[in-house]
Structure formats: structure tokens, C-alpha cells
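Here's the structure we're looking at; comments come further down.
The values are calculated or read from the model by the stated rules, or taken from the named source; none is laboratory data. Because the structure is predicted, anything quoted here is derived from the model rather than measured. Counting neighbours? That spans all protein chains shown, and the Cβs are built from the backbone with ideal geometry, glycine included.
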Amino acid sequence: MKVTFLTPPTLAGAHEADRVFGCNWGYYPIPNVFLLTAAATLEREGHDVAYVDAPMEGWSRKRLIEFFRLDTSDVYLIYTVYLSRETDLIALHLLRERRGAVPFVFLGTAPTETPSSFLVDSNTFVVRGEPEMTLVEMLGALSQGKPFDSIAGLSYSAADGARHNPPRPLIKDLDALPFPARRLIEKHKMRYYNPKIGVRPFTAMLASRGCSYRCKFCVPCASSFAAETEYKRHFHYKPPVRERSVDNVIAEARMLRAQGYRSISFVDDQFVWGEDRALAIAAGLKELGLEWGCLARADRLTEPVVKAFADSGCRYIDVGVESFQQAILDDIRKDMRVETAYEAIALLKKHGITCKINLLIGASPLETEETIRENMRIVRRLRPDSVMYNIANPFPGTDFHDEAKRGGFLAYEEYKAVGVQKESLVSYPHLSRERIEQLTRRANLAFFLSPSFFLQNLKKIRSFSDLIKACQAYWRKLYD
Ligand code: SF4
């Protein structure tokens, strides 16, 4: 079958959603390795796969309509996150006007959470949770005219209403999956970019799926969030972490090096699962001479790991500190001591890895103006390379959402798509939504306009155009 994975241009509002992490608007373009892995899996089954990344193409709504009019794909797939829900439903509507009843498949976080709301007609499908094997079976049934009732993980419309088939077991052996089909985005190879590394050609990789921790507010990367939402719905606890083997990870990195890539962002929810594994991956990457970065918990960053990462080309690590207030960390179930964050920041500085810490504002009813100001004071003292203050967003499916709802802290009746640096969906009696937004803006500005931030980061800027891009990304985060 001719299958097209589509990322439409924004069709609702001014912003494009980031579909890799799924929790914010897209400020710099990262390849969607989840979609490209699904695409590679379908190619392996013999399907003729195309990938249209309309934002990268600079397409308008008119250009998308023109594409639908001329295109001959047998089926379209969209990876939908909460922030792209409106846009993606409009894309389906536009497709229906031009191509009639051609099959259309939603996958991703939002369709997994509320599949019925995406089943707008009998030729629309929702692949819930982890998509690869469900897609293989679904397209097999579609091409052979077989029924869908035995395809685990699939939701579809039957004559008597929406059908939600039982869940699909998670893939145990991630090494069995093909590497992401990056050749489908080859023409944009020099345009994908992460300002925290600044070296191109750049791409993303995933070395594990899931996270075993229990932070209440957690919105993991989009692939994990969809798998987790589906798993928790049926089993009421989080799915286990699954790791690719070190050999398999290094084989992909080696292939990327041979294809000319020079930098990689690992988009795992948490990259360091076991010191031995982390050291082995670092040793493999060191031989390849790639520059790379990842996200990791502070309590996983031991000195041997940080040192080995630095030696192997690791340029940045994003650390989810969330707050420097122990009572808040305990309340949001971070399961970490504040001192651990101090130690991790010091270790990263010592070994020359850019440390970006993420702080959450309003994730707990224990948050006050004073706790926010105290966090700002601590940031000034610690001087990490970069900080991003985000407003805690009660995404549906998180415990934070359920608790905020029970406590009467939700500022709106229903979830709405907002950027996490600008708009708050929670409001506490002692800390209003507006005050959370003001203080977040003030905290981010105080950091980004500080002379120490400029001085610390100036040496990492490799070209004038990188400087402009980095400034634009920060500006759009705070003001657009
Ligand atoms: S450690 Fe990070 S990815 Fe894991 S549950 Fe906590 S916030 Fe989520």
C-alpha cells in the first residue's frame, strides 16, 4: 500500500506543536524518530512509505489542500499530541473534502487518551499506545479486506459504534525494530537542529522506552506518553522500562556517522539506566567522534558516568530538577533529595558538560511566591549554564491533572493547548494563574538577561547564525 506519514502545517492558531516531546510548541526542528521507526517498520513489510513534514517544507494550508488533491496515497497517518489535536482534525477534514473516504490513522498521545473523539467516520482509525505492530496488522487487514476485530491496540468505527480492541502487549525486544527511516527526511538533513549542540547534520535517537519513576506531573516524550497512557488504562501502573542493547544503539550511531551525521540528541525520557550500560554506550560513542546530548535524572549522574560522557562527546544534559524545595519535590513524587541536584550540577560543570536544568512552577499546591523567588535565588547562586522555568501543565492522563481537578485548581473546564512558558492551566487560592504566568516570565527573563548567562554561553556559540537561531528560540518561547 502507498502510505503517507503526515505532519501538517499548523491549521489552528499560530504555533506548531513539538511532536517529539509533545508538551510544548516546537521551537527548533527535531526529527520525529518515533514516526520514522513506525515508517521503517512498514517499509520492512513491503509498503511504499512517504513522509511529509509540512512545517519543514514551509507549507501553507493552501499547499496542503493542493497536496491532498493530487496525492494518491492509500492511507494517511498522523502522529497527534495534545497540542496538535485541533490542527490534525482539521487536516482530516481537508483530506475528506479532497480525497473522500481514504483511510486515515491517528496515533500518538491524544488519540490514545480519547480514541472515540478521533473516530469521526468509518474510515478513520486510532492506533493506541505503541504503534508499530498494530500498524503492521492493521494495514495488512486493510489491504486484504479482512476484519479489524482481532487487531490488538486498534480503535475503529463499526456499524454499532466505536470499537476499542484489547490492548497490545508492549514490544519486548526493541532491537528487533528497524532503525528509523531517516532517508525519508534526507532533504532536510542540514536543517534539523538543536541549539544545545549546534553541530549539523543533526538527528535524534532513542535508546530506551519508558521511565520507571513516578513523578506526578510527568509528561514523558510523546512515544512513552502514548504507551504509558494505554498501559495504565488497562493495568493501572506504568509500563516497564525497555532498553535497546548497547550493541544495537552503537550500531545505529555508527550507521549515522557513516551517513555524515555529526551530532545526536537522545530523546529518551531518562538516558542513564544502569552505570555499566551508560559507560558502555559512552565508550562506543567515543570511538565515533559524534557530539551528543540527553536528558537524565540528577541522581543517575554519578562521577564515573559524567566523566565518561564528557570524554565521549556529550555536550549537554537536560536535568529535571523541578524545584529546590524539598517539600515540593516530595509532594510531586520526584523521589530525590535537593542536595542531589546540587551535586549533579557541580559534576556537570566540573566535566564541562552544558547543564540545562528544568524548573517547574505551580506543580504543587505548596508552591508560593516565596518558593518561586527562593528557586530564583538558588539559580543565581548555582549559575547553571541554562535554566528553563516551565509552568506545570496538567496534561490529561497525569496524576497532576487528576489531583488539580479534585482540588478545584484547574483554571478551565477542559484541557486547552497552551505553551508551558506562558500560560497556566492551574490556579491556587494563594497563587493565581496570572501570578504564576507573571513570575514564570520574570524568572526566565532574569536568567536569560543576566550577564553571567551570556558570558557562560558565548564560548559555545559556533557561528553568528547559531547565535541568531538560539536567540530566536528563546524569544519565541517567552513571547510569541
Ligand atoms: S524521572 Fe523524568 S521521565 Fe521519569 S517520571 Fe520523573 S519526570 Fe517523568
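Summary of computed values
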{"item": "Boolean, L92 is touching a strand residue (DSSP E or B) at 6+ places or on another chain (Cβ under 6 Å) and in contact (Cβ under 8 Å) with a residue 60 or more places away in the chain", "result": "no"}
{"item": "Segment 126-149, residues that are touching a Phe, Trp or Tyr at 6+ places or on another chain (Cβ under 9 Å), over 14 Å from L35 (Cα atoms) and either at pLDDT below 95 or not in a loop (DSSP other than H, G, I, E, B) (or both)", "result": "V126, E137, M138, A141, L142"}
{"item": "Looking only at segment 67-85, and only at residues there that are part of a strand (DSSP E or B) and among the hydroxyl-bearing types (S, T, Y), the one that is farthest from the chain's Cα centre (by Cα)", "result": "Y76"}
{"item": "Residue satisfying all of: in segment 86-112; part of a helix (DSSP H, G or I) and in contact with a Ser or Thr (Cβ under 6 Å, 6 or more places away or on another chain); surrounded by the fewest Cβ atoms within 10 Å (Cβ to Cβ) among these", "result": "T87"}
{"item": "Subset of segment 247-269 that is more than 19 Å from A310 (Cβ to Cβ) and under 23 Å from the mean Cα position of the chain (by Cα) - its residue that is nearest to the ligand (Cβ to nearest atom)", "result": "D269"}
{"item": "Residue match in segment 27-35 (condition: in contact with a Leu (Cβ under 7 Å, 6 or more places away or on another chain) and either closer than 22 Å to A181 by Cα or in contact (Cβ under 8 Å) with a residue 40 or more places away in the chain (or both))", "result": "yes"}
{"item": "Criterion violated by A176 - all others in (1) surrounded by fewer than 22 Cβ atoms within 10 Å (Cβ to Cβ); (2) farther than 19 Å from T41 by Cβ satisfied", "result": "(2)"}
{"item": "Lone qualifier among T203, T229 - being touching a residue at least 12 places away in the same chain (Cβ under 8 Å), under 27 Å from F395 (Cβ atoms) and away from the ligand (no atom under 16 Å from the Cβ)", "result": "T203"}
{"item": "Flag for F217 being within 12 Å of the ligand (Cβ to nearest atom), in contact with a Phe, Trp or Tyr (Cβ under 7 Å, 6 or more places away or on another chain) and over 24 Å from D173 (Cα atoms)", "result": "yes"}
{"item": "Segment 313-331 - residue that is farther than 15 Å from I361 by Cα and not charged (D, E, K, R) and, of those, farthest from the ligand (Cβ to nearest atom)", "result": "G313"}
{"item": "Y261 at pLDDT below 95 and in contact with a strand residue (DSSP E or B) (Cβ under 8 Å, 6 or more places away or on another chain)", "result": "no"}
{"item": "Hits in segment 281-304 - residues which are within 12 Å of the ligand (Cβ to nearest atom) and of a type in the set (D, E)", "result": "D299"}
{"item": "Answer residue from segment 232-246, given it is within 15 Å of R168 (Cα to Cα) and touching a helix residue (DSSP H, G or I) at 6+ places or on another chain (Cβ under 8 Å) and is farthest from the ligand (Cβ to nearest atom) among those", "result": "P239"}
{"item": "Of all residues making up segment 270-279, the number that are closer than 25 Å to L36 by Cβ and either away from the ligand (no atom under 15 Å from the Cβ) or surrounded by 22 or more Cβ atoms within 10 Å (Cβ to Cβ) (or both)", "result": "4"}
{"item": "Any hit, segment 306-315, residues being surrounded by fewer than 20 Cβ atoms within 10 Å (Cβ to Cβ) and outside any helix (DSSP H, G or I)", "result": "no"}
{"item": "Residue count, segment 47-66 (criterion: out of contact with any helix residue (DSSP H, G or I) (no Cβ under 8 Å at 6 or more places or on another chain) and assigned to a helix (DSSP H, G or I))", "result": "3"}
{"item": "Some residue of segment 299-312 being closer than 30 Å to L366 by Cα and either among the basic types (K, R) or touching a strand residue (DSSP E or B) at 6+ places or on another chain (Cβ under 8 Å) (or both)", "result": "yes"}
{"item": "Pair list, Cβ under 7 Å, 6 or more apart: segment 295-310 residue in the same structural domain as G274 (by TED's automatic domain parsing) and closer than 23 Å to R209 by Cβ, other residue assigned to a helix (DSSP H, G or I) and within 16 Å of the ligand (Cβ to nearest atom)", "result": "A298/T340; A298/A341; A298/A344; D299/T340; L301/A344; V305/A278"}
{"item": "Criterion (free of Cβ contacts under 8 Å to residues at least 24 places away in the same chain, among the aliphatic types (A, V, I, L, M) and not assigned by TED's automatic domain parsing to the domain that holds Y316) met by exactly one of A181, A176", "result": "A176"}
{"item": "Hits in segment 36-67 (condition: of a type in the set (A, V, I, L, M) and over 28 Å from K422 (Cα atoms))", "result": "L36, A38, A39, A40, L42, V49, A50, V52, L64, I65"}
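Rundown of residues vs (1) surrounded by fewer than 17 Cβ atoms within 10 Å (Cβ to Cβ); (2) on the phi > 0 side of the Ramachandran plot, yes/no style:
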position	(1), (2)
G161	yes, yes
I185	no, no
G198	no, yes
F202	no, no
F217	no, no
E228	no, no
Q259	yes, no
S265	no, no
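Yes/no per residue for (1) outside any loop (DSSP other than H, G, I, E, B); (2) in the same structural domain as F34 (by TED's automatic domain parsing); (3) among the acidic types (D, E):
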{"site": "G198", "(1), (2), (3)": "no, no, no"}
{"site": "P220", "(1), (2), (3)": "no, no, no"}
{"site": "S223", "(1), (2), (3)": "yes, no, no"}
{"site": "E228", "(1), (2), (3)": "yes, no, yes"}
{"site": "A282", "(1), (2), (3)": "yes, no, no"}
{"site": "E287", "(1), (2), (3)": "yes, no, yes"}
{"site": "G293", "(1), (2), (3)": "yes, no, no"}
